[in-house]
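Colleague: What follows is a single structure, and I will ask about it in a moment.
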Amino acid sequence: MISLFLLSNSDAAIDIIFDYSYDTGNYFGDEQRYIMEQVAYVFESRMGGESFASTNPSDYGLNAGSGFNTYLSFTNPTTGANVTPAFGSTTSDGNVIGQANELVIFLGARSLAGATLATAGETGMGYGGTASSEATAWINALNSRDTTTNFDPRAGSSQVNTNKTFYFDTDLTTHNDAVTSGKVDFYSVMVHEIGHVMGFNDHNAWNAKKSGNFWTGANAKAEYNGQNVPLYSTPHWDLLSPSGSLNSANINCACHPSMLPSITINKRTSFSDLDFALLKDIGYSISASPTGTNIGGTYTDPTYGGTYDIPVSMTYNDWLAGGNGGNGGNGGGGGGGGGGGGSAAPEPAYIFTLLGGVLAFLSGRKNFGKIKSLLKLA
């Protein structure tokens, strides 16, 4: 393996693996990759009881000679071209796509129009070929990860806008620098983006708990004073619509959720109890607090007064000492310019189709997620 960017944690039931095979512009240097590892740990440290079924065809007896082909489909996060790597294939980073209890998220960066900061979503996917019991078993495993009661992402992708600059904080145990930098906090943005991959997107379990412009899942309602939670027109909590905005008095944790449709400079957020409650509503096993190694702590929301957990698996220096450094990168050290407040614009939802053939041929295609976060600077 050329490089390993997410260290396995013995306390985590799943591994979120960031793959830089498509980061040919070398945006993600040491600082950015370390921060992304801690972004992954936000979710991993709360999912010790979670498991993902394998979608690696070889685990179901399917091989190159089986006459059955499977693939992901997503936009190359650096070039913008469509790419279709196969389930079970090994990326140039050495990651196998579709392993049980692993989630591969492809990262990159390119110039994006307007004030967009970053986008993310679950990849699309498809399959086709000769019918067999092995192919049916693989399709059943694939479908089990998107039901009305359970969602597990198969793979994801995210791209950062190279036209924007961020504050890259490599000491997440303190927060004053992030909220006085005059810049947008990269950590907060990417926690939000990975939140879209993990479940804030259009899928079966999402639609089962969504009623109009409200979320009706029991766990999120319990974190919102027993009431349905207002949703924005894209998969975010609503803080923009006068008729349906979140009421801060109803948010039990008294902290701004990560999955709001806007962000400002000098602001740190992480995944809040309300955000995690929605993931629990769509089938995740979520612990009440981070588990495993944690040298981080909490951050107090300066407006609402409540606290976020900011779990940190290791220091930046320890990460470098573990052989993860030397990646260069063009993301910039310590951030850069910045701008005013941020607002989000909706991303078109991809159409969902999954077609199952009969007799001697099976085929299917599903354009998952891609309900991307478009965080913008004013």
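Colleague: Looking only at the range 156-188, count every residue that is more than 30 Å from Thr84 (Cα to Cα), hydrophobic (A, V, I, L, M, F, W, C) and either free of Cβ contacts under 8 Å to residues at least 40 places away in the same chain or in contact with a strand residue (DSSP E or B) (Cβ under 7 Å, 6 or more places away or on another chain) (or both) and tell me the total.
Modeller: The total comes to 4.
Colleague: Hey, another quick one. Taking the range 55-67, which residues are part of a loop (DSSP other than H, G, I, E, B), in contact with a helix residue (DSSP H, G or I) (Cβ under 8 Å, 6 or more places away or on another chain) and over 23 Å from Ser158 (Cβ atoms)?
Modeller: Taking the range 55-67 as the starting set, the residues that turn out to be part of a loop (DSSP other than H, G, I, E, B) are 55-56, 61-67.
With the extra rule that they be in contact with a helix residue (DSSP H, G or I) (Cβ under 8 Å, 6 or more places away or on another chain), the set shrinks to 55, 61-63, 66.
Within the range 55-67, Gly61, Leu62, Asn63, Ser66 meet the criteria.
Colleague: When the range 68-86 is examined, which residues are found to be without any contact (Cβ under 8 Å) to a residue 24 or more places away in the chain, assigned to a loop (DSSP other than H, G, I, E, B) and either over 25 Å from Ala131 (Cα atoms) or in contact with an Asp or Glu (Cβ under 9 Å, 6 or more places away or on another chain) (or both)?
Modeller: Ala81 - this is the single residue of the range 68-86 that is without any contact (Cβ under 8 Å) to a residue 24 or more places away in the chain, assigned to a loop (DSSP other than H, G, I, E, B) and either over 25 Å from Ala131 (Cα atoms) or in contact with an Asp or Glu (Cβ under 9 Å, 6 or more places away or on another chain) (or both).
Colleague: So, in the range 115-144, how many residues would count as being surrounded by fewer than 17 Cβ atoms within 10 Å (Cβ to Cβ) and at pLDDT below 95?
Modeller: 1
Colleague: When the range 155-168 is examined, which residues are found to be surrounded by 24 or more Cβ atoms within 10 Å (Cβ to Cβ) and in a loop (DSSP other than H, G, I, E, B)?
Modeller: Ala155, Lys164, Phe168
Colleague: Restricting the range 262-281 to residues that are over 20 Å from Leu172 (Cβ atoms) and touching a Gly at 6+ places or on another chain (Cβ under 9 Å), which is modelled with the lowest pLDDT?
Modeller: The extreme case among them is Ser262.
Colleague: Now for a separate question. Quick test for you: out of Gly331, Gly340, Gly336, Gly325, pick the one residue that is touching a helix residue (DSSP H, G or I) at 6+ places or on another chain (Cβ under 7 Å), under 23 Å from Val179 (Cβ atoms) and at pLDDT below 95. If you could, list the steps in order and put the result at the bottom.
Modeller: Values: Gly340 fails: touching a helix residue (DSSP H, G or I) at 6+ places or on another chain (Cβ under 7 Å); Gly336 fails: touching a helix residue (DSSP H, G or I) at 6+ places or on another chain (Cβ under 7 Å); Gly325 fails: under 23 Å from Val179 (Cβ atoms).
Of the residues listed, the single one that is touching a helix residue (DSSP H, G or I) at 6+ places or on another chain (Cβ under 7 Å), under 23 Å from Val179 (Cβ atoms) and at pLDDT below 95 is Gly331.
Colleague: For the range 280-301, name all the residues that are closer than 21 Å to Thr216 by Cα and of a type in the set (Asp, Glu).
Modeller: Within the range 280-301, Asp281 is the sole residue that qualifies.
Colleague: Identify, by number, the condition in (1) charged (D, E, K, R); (2) closer than 21 Å to Gly283 by Cβ; (3) touching a strand residue (DSSP E or B) at 6+ places or on another chain (Cβ under 6 Å) that Arg145 doesn't meet.
Modeller: (3)
Colleague: Can you name the helices (runs of 4 or more DSSP H) wholly within the range 181-250 that have at least 3 residues being of a type in the set (Gly, Ala, Ser)?
Modeller: Helices (runs of 4 or more DSSP H) meeting the threshold: 218-222.
Colleague: Enumerate the pairs (first residue in the range 56-67 and on the phi > 0 side of the Ramachandran plot and exposed (fewer than 15 other Cβ atoms within 10 Å of the Cβ); second residue anywhere and aromatic (Phe, Trp, Tyr) and modelled with pLDDT of 95 or more) with beta-carbon separation below 9 Å, excluding pairs fewer than 6 apart on the same chain, so at least 6 apart or on different chains.
Modeller: Hits for this filter: Gly61/Trp138.
Colleague: Right, here's the next one. For the range 236-261, which positions are at pLDDT below 90 and closer than 20 Å to Val189 by Cα?
Modeller: Across the range 236-261, the qualifying residues are Leu239, Leu240, Pro261.
Colleague: I've got another one for you. Looking for something on the phi < 0 side of the Ramachandran plot and surrounded by fewer than 16 Cβ atoms within 10 Å (Cβ to Cβ) - is there at least one such residue anywhere in the range 185-203?
Modeller: no
Colleague: Looking only at residues that are among the aliphatic types (A, V, I, L, M) and over 24 Å from Asn56 (Cα atoms) in the range 87-129, which one is nearest to the chain's Cα centre (by Cα)?
Modeller: Out of the qualifying residues, it is Ala118.
Colleague: Among all residue pairs at least 6 apart or on different chains, which show Cβ distances below 9 Å where the first residue, located in the range 220-244, is closer than 16 Å to Ile263 by Cβ and in contact (Cβ under 8 Å) with a residue 40 or more places away in the chain and the second is surrounded by 22 or more Cβ atoms within 10 Å (Cβ to Cβ) and charged (D, E, K, R)?
Modeller: Pairs found: Thr234/Lys372.
Colleague: Give the residue that is modelled with the lowest pLDDT, with candidates limited to residues of the range 10-28 that are surrounded by fewer than 19 Cβ atoms within 10 Å (Cβ to Cβ) and either small (Gly, Ala, Ser) or within 20 Å of Thr173 (Cβ to Cβ) (or both).
Modeller: Of the range 10-28, the ones surrounded by fewer than 19 Cβ atoms within 10 Å (Cβ to Cβ) are 10-11, 13, 15, 24-26.
Then drop every residue that is not either small (Gly, Ala, Ser) or within 20 Å of Thr173 (Cβ to Cβ) (or both), which leaves 10-11, 13, 25.
Values: Ser10: 42, Asp11: 47, Ala13: 87, Gly25: 97.
Among them, the one singled out is Ser10.
Colleague: Just to be sure, is Ile310 closer than 21 Å to Phe43 by Cβ, surrounded by fewer than 20 Cβ atoms within 10 Å (Cβ to Cβ) and modelled with pLDDT of 50 or more?
Modeller: No: the conditions fail for Ile310.
The values are calculated or read from the model by the stated rules, or taken from the named source; none is laboratory data. Just so we're clear, the structure is a prediction, and the values are computed from it rather than from any experiment. With ideal geometry, Cβ positions are generated from the backbone for all residues, glycine too; neighbour counts draw on all protein chains shown.
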